[in-house]
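Shown next, in structure tokens, is the structure this report addresses.
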Amino acid sequence: MARVSPTFTCSACGAVTSKWSGRCDSCGEWNTITEDAPLSTGPGGKSLAGKRGKRIPLTDLATEEAPVPRQMSGVGELDRVLGGGLVHGAAILVGGDPGIGKSTLLLQAAARFARLGVKTLYVSGEEASSQVRMRAQRLGLTESPVQLSAATNLRDILTTLEAEAPGLVIIDSIQTMWSDAVDSIPGSVGQVRACAHELTTFAKRKGVAIIMVGHVTKEGQIAGPRVVEHMVDTVLYFEGERGHQFRLLRAVKNRFGPADEIGVFEMTGRGLAEVKNPSALFLSDRGTPSPGAAVFAGIEGTRPVLVEFQALVAPTPHSQPRRSVVGWDGGRLAMILAVLEARCGVPFAGLDVYLNVAGGMKVSEPAADLAVAAALLSAREDSALPSDTVIFGEISLSGALRPVSQSENRLKEAQKLGFTAAIAPAGGKPPQLDGISLTRPPDLAGFVGEIFGAGERS
Ligand code: TYD
Ligand code: MG
């Protein structure tokens, strides 16, 4: 039989090459390329092709499945992000910047679940047991029956888990874990991948929920290969700005619930407290109406959240004006500036533009376009928008406004927080809501006229 030439695969991105190299040409990762094992052959070197396997059972889509068993923590913000409580046997990855509060969040969650009768183990590879105990003391959690261990050897950990049979295990962090099956240092791509794989398989096999903490690289991705994110059932990111006390737990992937769901917490002297009404928090420091501020009625996951966009527009001393964005997409800002200029005759040439979402919140919805345009116009004209008005709608390149989903939920939230007016695109079914007056401009030019009076542009 002809000898098959060997192939090599990158363990980080999956690219296949015909020869080994130290660095993957596709993704640029080092030391990730390994030789593939030759395709298995039958006795005597005969290929398995043509040999018959056994028939696999087939079912239809209507097969009745019992709902997956879940355990609520009682912390609404956490349960919602998990998709309605913790699923037995789920593998969950929680990523976030160092010092953002991952260990605090998970220790508090562990204490909650333990108190509710779930046997809970907290394995810390980063801190000594005494450090974790000190934190528990500060958080007032010492009474909770969480079992604690400081360990990094995965084989020992799995043996212990097998014997203890817990319902929930916290691994803090996956980068400190070390499997003797892989010949590289802890934190390396190979180790992270192998440990995450072993833990995920263990979770499935034994029906144990495992939460792994993952550190995030400068680019904001969980350090180690992307494949870890594919392996687990749920990927949560814990985010927040250093200077702010708000923390957002965001589901970016969830096999057991909606992605894009957020939970809002506040870091206090006694750990993380849940924030039941995030809109009130994000808008709390609004004083007198100021130019450049516009309130956007957004939707995060399944929940409406009001946030404030703040813009500053000033003559630039440079030949290239600055465009600076925090909490929103820079490309989208450029687009809105271009549409304002091309379709409404409002130029931003020669002006620096700064855009910020208040409270350290990140917004990704296109529905925020109109609120951004409003903030930019208000800043440029140095004239404040009415403080009782919320704005939402998507802007297209033609300058038309597109209606967005869940208008009614957005308006209800605005009304709940005391807003009495809203500006949203025309089109679609008008939402039925009393107590909030709705203005529906047909296009962006109409919107500009609506908020500042038409024909004043220079
Ligand atoms: P930590 O959970 O250790 O972060 P991570 O595990 O993501 O690296 O949290 C560290 C920060 O949280 C630290 O700077 C102090 C702050 N913190 C409080 O403000 N209040 C508290 O009760 C606790 C425990 C921590
Ligand atoms: Mg930590």
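The values are calculated or read from the model by the stated rules, or taken from the named source; none is laboratory data. Note that the structure is a prediction, hence the values are computed from the model and not measured. Counting neighbours? That spans all protein chains shown, and the Cβs are built from the backbone with ideal geometry, glycine included. Protein only, heavy atoms only, side chains kept; ligands, DNA and RNA dropped before computing areas. Shrake-Rupley method; radii C 1.70, N 1.55, O 1.52, S 1.80 Å.
Can you tell me which residue in segment 92-110 is nearest to residue 272 (Cα to Cα), limited to those that are of a type in the set (Gly, Ala, Ser) and within 12 Å of ligand 1 (Cβ to nearest atom)?
Restricting to residues being of a type in the set (Gly, Ala, Ser) and within 12 Å of ligand 1 (Cβ to nearest atom), the top hit is 101.
Test each condition in (1) within 16 Å of ligand 1 (Cβ to nearest atom); (2) in contact with a strand residue (DSSP E or B) (Cβ under 8 Å, 6 or more places away or on another chain) for residue 187 and report the one that comes out false.
(2)
Failed condition for residue 321, given (1) closer than 28 Å to residue 387 by Cβ; (2) in a loop (DSSP other than H, G, I, E, B); (3) without any contact (Cβ under 8 Å) to a residue 60 or more places away in the chain, with all others met?
Of everything listed in (1) closer than 28 Å to residue 387 by Cβ; (2) in a loop (DSSP other than H, G, I, E, B); (3) without any contact (Cβ under 8 Å) to a residue 60 or more places away in the chain, residue 321 misses just condition (1).
The rows are residues; the columns are (1) within 25 Å of residue 281 (Cα to Cα); (2) open to solvent by 40 Å² or more (accessible area, probe 1.4 Å); (3) at pLDDT below 90.
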residue: 396; (1), (2), (3): no, no, no
residue: 399; (1), (2), (3): no, no, no
residue: 421; (1), (2), (3): yes, no, no
residue: 454; (1), (2), (3): no, yes, yes
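Only one residue in 155, 138, 133 is open to solvent by 40 Å² or more (accessible area, probe 1.4 Å), within 15 Å of ligand 2 (Cβ to nearest atom), assigned by TED's automatic domain parsing to the domain that holds residue 249 and farther than 19 Å from residue 274 by Cβ. Which one?
133
Hey, any hits in segment 114-130 for a residue that's small (Gly, Ala, Ser), open to solvent by less than 40 Å² (accessible area, probe 1.4 Å) and more than 16 Å from ligand 2 (Cβ to nearest atom)?
Yes; the residues of segment 114-130 include at least one that is small (Gly, Ala, Ser), open to solvent by less than 40 Å² (accessible area, probe 1.4 Å) and more than 16 Å from ligand 2 (Cβ to nearest atom).
For residue 355, indicate whether it is assigned to a helix (DSSP H, G or I) and open to solvent by less than 30 Å² (accessible area, probe 1.4 Å).
Judged against the criteria, residue 355 is not a match.
Restricting the first residue to segment 81-100 and requiring it to be part of a loop (DSSP other than H, G, I, E, B), which pairs with a second residue that is open to solvent by less than 10 Å² (accessible area, probe 1.4 Å) and within 16 Å of ligand 1 (Cβ to nearest atom) meet a Cβ separation below 6 Å and a spacing of at least six or different chains?
Pairs found: 100/238.
Looking at this structure, is residue 349 more than 24 Å from the chain's Cα centre (by Cα) and in a helix (DSSP H, G or I)?
In short, no.
Among the residues of segment 158-178, which ones are out of contact with any Asp or Glu (no Cβ under 7 Å at 6 or more places or on another chain) and in a strand (DSSP E or B)?
Once the filter is applied, which keeps residues that are out of contact with any Asp or Glu (no Cβ under 7 Å at 6 or more places or on another chain) and in a strand (DSSP E or B), segment 158-178 yields 168, 169, 170, 171, 178.
What are the residue pairs meeting all of these: first residue in segment 339-360, first residue over 10 Å from residue 310 (Cβ atoms) and modelled with pLDDT of 90 or more, second residue open to solvent by less than 10 Å² (accessible area, probe 1.4 Å) and charged (D, E, K, R), Cβ atoms under 9 Å, and 6 or more apart or on different chains?
339/369
Taking segment 161-191 as the region of interest, how many residues are under 22 Å from the mean Cα position of the chain (by Cα), closer than 28 Å to residue 29 by Cα and modelled with pLDDT of 90 or more?
4
Of everything in segment 260-298 that's β-branched (Val, Ile, Thr) and part of a loop (DSSP other than H, G, I, E, B), which residue is nearest to ligand 1 (Cβ to nearest atom)?
Checking each candidate, the answer is 275.
Just to be sure I understand, how many residues within segment 112-130 are of a type in the set (Phe, Trp, Tyr) and either outside the structural domain of residue 186 (by TED's automatic domain parsing) or away from ligand 1 (no atom under 16 Å from the Cβ) (or both)?
Here the count works out to 1.
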